[in-house]
Structure formats: structure tokens, C-alpha cells
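Here's the structure we're looking at; comments come further down.
The values are calculated or read from the model by the stated rules, or taken from the named source; none is laboratory data. As the structure is a computational prediction, the values presented were derived from the model and not from experiment. When we count neighbours, we look across all protein chains shown, and the Cβ atoms used for this are built from the backbone with ideal geometry, even at glycine.
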Amino acid sequence: MVVLSQPATLDHCSLIKTCKPTGVFTGIPVIDLRDGEAKTLIVKACEEFGFFKLVNHGVPIELMTRLETEALRFFNLPQSEKDEAGPPAPFGYGNKRIGLNGDVGWIEYLLLNTNPLASLNTPENFSRYAVKEYIEAVKRLAFEVLEVMGDGLKIEPRDALSGLIRDEKSDSCFRLNHYPPCSELQALSGRNLIGFGEHTDPQIISILRSNNTSGLQICLRDRTWVSVPPDQTSFIINVGDALQVLSNGRLRSVRHRVLAGSVKSRVSMIYFGGPPMSEKIAPIPSLMAKGEERLYKEFTWWEYKNSASKSRLGDNRLGLFENKTQ
Ligand code: GA4
């Protein structure tokens, strides 16, 4: 028997064998923000997949490429210089370790606090201008998407969702990820290395932009994993746990993961729009049908975050807040 020993550099990182999806999957819905039907299509996509791709979003591509170039310049610095920007507890530079409870991936990243009341914790050797400009644009987009979604859901008032992340105390953050190519992978044919392990996003909404390198996969209802092809001009938007609760499970917070590649590096930037820490999260009554059962107990965002900080990446963080019926 031949046993492949893992190269030292892959220590602690997981290798997985991915299977071809069985059913017919034609990709996540593509939605044009300027389409008159956008409100209906966004809601439908979030009910079915928890994910959609947004085009015609109005964010200039130059803002994206400028920040991508700046991110790559930073990630290509000597390790010692990058380490000066860390550790990410909870914000700063991180390398391989994700969170506080032993999760690892083939990744390095910068985690930034975007709370309007806090100062932006960009490392000294990073262009604050490029980050600020991008975050401002993507925040505005997040507000707009949540308002259009609010229209589609017929929430009163229309800004009930966007108001949660627009609040000056909103607990939102921004993540710049770098998945370097892993050359050892070529030797382990048919294997994939986990860049970022499977998880759901905690917040209300996540707005992701990546360069032209694949890697992102989402989990379908039948539990098969499907790849989301990269598109550097669009945004991939997904529902977070808090929005699943606010919509009493109607909009789905879906598991996703990122596989590392052997040739090209992947750079992604994600804005996570979350509510203020003291905000009470519970199903919104106007979104529930008469007699519909509440699937979740009310909790504050602080309570969720507190339990999330003790969780592993792949845990079901909403389990604790479910209303268990006999
Ligand atoms: C997943 C989504 C975001 O990247 C993130 C992650 C956070 C972290 O990297 O510190 C968490 C993870 C994420 C969920 C559970 C906890 C917290 C790592 C982890 C094991 C920034 C977030 O908000 O939640």
C-alpha cells in the first residue's frame, strides 16, 4: 500500500476529495440591480439558495482593482512585516488560524472593523484610502440591496433591515483574504485543500468580491457542493444567520467554503453587515403568516456573538436559539 505523507507545509490543513454534483445545477441566480423585477428575484434567490450574483450594481471596477492591487502588495510583503499588523484578536492580520478555537485553512487575511464609531484598523503599511473608499461604496450597496429586499418582502418600514446595518453602532466588519497557490497540491492529484472551511456567515448580509480565481463553493439543499464561478466585476451576496432569524427561516443562511488552488492565488474582499451589539434579533412579525410558529427565540446580537466566539467554524451557531417543538 502506498501512503501519501502530507508535505510539512500542509500541517493541520485539511485535504478533501470533492465529488461531482449529481443533479442539474445551472448556477446561482444572476440579478441586475436596475431590473424592475430585482426585488422579487432577490427574495426568491435568498429563499432558494441564500446566494445570488449581483450585476449592474454601480460600484466602479476601479475601486475593486485598486484595493485588490493594494491587498496583493501587502500580502507579498515579508512575513515579519505582515505579522506587525496582527494578531487578529479580533482584528488585524491572520495567517492560517481562523477564529480562536483551532480552525485552520490555507489562507492569510486582514480583518478590519468598519464600525463608523471606531477608527479603521488598517495596518500602517496599508493604503487607508483604498480601503475606506471601497468600504464606503460597498456599504452603500449593502443598504440599497437590503432596501430592495425589504420591498420584495413588503416589510414596513422599507428600511427596517437596512437600518440595522446603517446604525452608527452597527457591528460590521471587512475581510481581505489571500489564498496563495499551493504547489504541493499538484502532487496530490484529485485532492483539494481547504482554504476556508465550511460555515455560515453570522451577520445580516455578506457582500463578496473576488478576483478571477475559482474556489468558492456553496452547499445545496441535497448537501452537494457546487462551485460558484469567479467574476471579478460582480458581487456575490449571501444571507447571514441574523437575516435567517429575522425572516423566520424564509431567507436561508447557507453553508459555503473555499478551496485553495494549485496555480493561481485567490483574493477576496467581503463586507459583513451586522446589527448593533444591543439589537434584539427575532423573527419580524410582519414577515410571518397568521399562526406561523416562531422558529427562534429572541436574542441580542451580543449574545449570538458571545456564543459564536466559542464556536468552531462548521458549528450550527443558531442551534442554541431555535425554538424546539416537541
Ligand atoms: C465567518 C464569517 C467571517 O469571516 C467572520 C468569521 C470569524 C473570524 O474569522 O473571526 C469566525 C467565523 C466568521 C464564524 C465563527 C467564529 C467567528 C471564526 C470563528 C470560528 C469574520 C465572522 O464574522 O464569522
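Scanning region 151-169 for residues that are small (Gly, Ala, Ser) and buried (at least 21 other Cβ atoms within 10 Å of the Cβ) yields one hit, Ser162.
List, please: which pairs have Cβ atoms under 6 Å, are six or more places apart or on different chains, and start with a residue in region 88-111 that is over 18 Å from Pro180 (Cα atoms) and of a type outside the set (A, V, I, L, M, F, W, C) and end with one that is modelled with pLDDT under 95 and not in a strand (DSSP E or B)? Short answer, once both residue conditions are applied: Gly92/Ala85; Gly92/Gly86. Only one of the numbered conditions (1) surrounded by 19 or more Cβ atoms within 10 Å (Cβ to Cβ); (2) at pLDDT 95 or above is not met by Glu322, and that is (1).
Does any residue of region 200-212 turn out to be away from the ligand (no atom under 14 Å from the Cβ), part of a loop (DSSP other than H, G, I, E, B), farther than 21 Å from Thr26 by Cβ and not hydroxyl-bearing (Ser, Thr, Tyr)? Within region 200-212, one or more residues are away from the ligand (no atom under 14 Å from the Cβ), part of a loop (DSSP other than H, G, I, E, B), farther than 21 Å from Thr26 by Cβ and not hydroxyl-bearing (Ser, Thr, Tyr).
Going through (1) in a loop (DSSP other than H, G, I, E, B); (2) in contact with a strand residue (DSSP E or B) (Cβ under 8 Å, 6 or more places away or on another chain); (3) closer than 28 Å to Tyr134 by Cβ one by one, Val263 falls short only on (2). Looking across region 242-262, the residues that are crowded, with 22+ Cβ neighbours inside 10 Å, of a type outside the set (Gly, Ala, Ser) and over 19 Å from Gly105 (Cβ atoms) come down to Leu243, Gln244, Val245, Leu246, Leu251.
As for region 130-137, it holds at least one residue that is out of contact with any helix residue (DSSP H, G or I) (no Cβ under 8 Å at 6 or more places or on another chain), of a type outside the set (A, V, I, L, M, F, W, C) and free of Cβ contacts under 8 Å to residues at least 60 places away in the same chain. Taking region 273-318 as the range and being farther than 15 Å from Leu243 by Cα, under 21 Å from the mean Cα position of the chain (by Cα) and either small (Gly, Ala, Ser) or more than 16 Å from the ligand (Cβ to nearest atom) (or both) as the test, the residues that pass are Ser307, Ala308, Ser309, Ser311, Gly314.
Filtering region 138-150 down to residues that are farther than 22 Å from Pro285 by Cα and touching a residue at least 24 places away in the same chain (Cβ under 8 Å), which residue is surrounded by the fewest Cβ atoms within 10 Å (Cβ to Cβ)? Looking at residues that are farther than 22 Å from Pro285 by Cα and touching a residue at least 24 places away in the same chain (Cβ under 8 Å), I get Glu144.
Among the residues of region 189-215, the ones that are closer than 21 Å to Val138 by Cβ and either out of contact with any Gly (no Cβ under 9 Å at 6 or more places or on another chain) or basic (Lys, Arg) (or both) come to 5 in all. When you scan region 234-252, do you find a residue that is within 13 Å of the ligand (Cβ to nearest atom), within 27 Å of Ser127 (Cβ to Cβ) and β-branched (Val, Ile, Thr), even just one? No, region 234-252 has no match at all. Restricted to region 69-113, and to residues there that are more than 10 Å from the ligand (Cβ to nearest atom) and of a type in the set (Ser, Thr, Tyr), the residue that is farthest from the chain's Cα centre (by Cα) is Ser80. Does any residue in region 225-245 that is touching a residue at least 24 places away in the same chain (Cβ under 8 Å) come within less than 7 Å, Cβ to Cβ, of a residue that is surrounded by fewer than 17 Cβ atoms within 10 Å (Cβ to Cβ) and assigned to a helix (DSSP H, G or I) six or more places away or on a different chain, and which pairs are these? Note: pairs meeting the criteria are Thr233/Ile61. When region 159-174 is filtered for residues that are under 26 Å from Arg128 (Cβ atoms), part of a loop (DSSP other than H, G, I, E, B) and away from the ligand (no atom under 15 Å from the Cβ), the ones remaining, listed by number, are Asp167, Glu168, Lys169.
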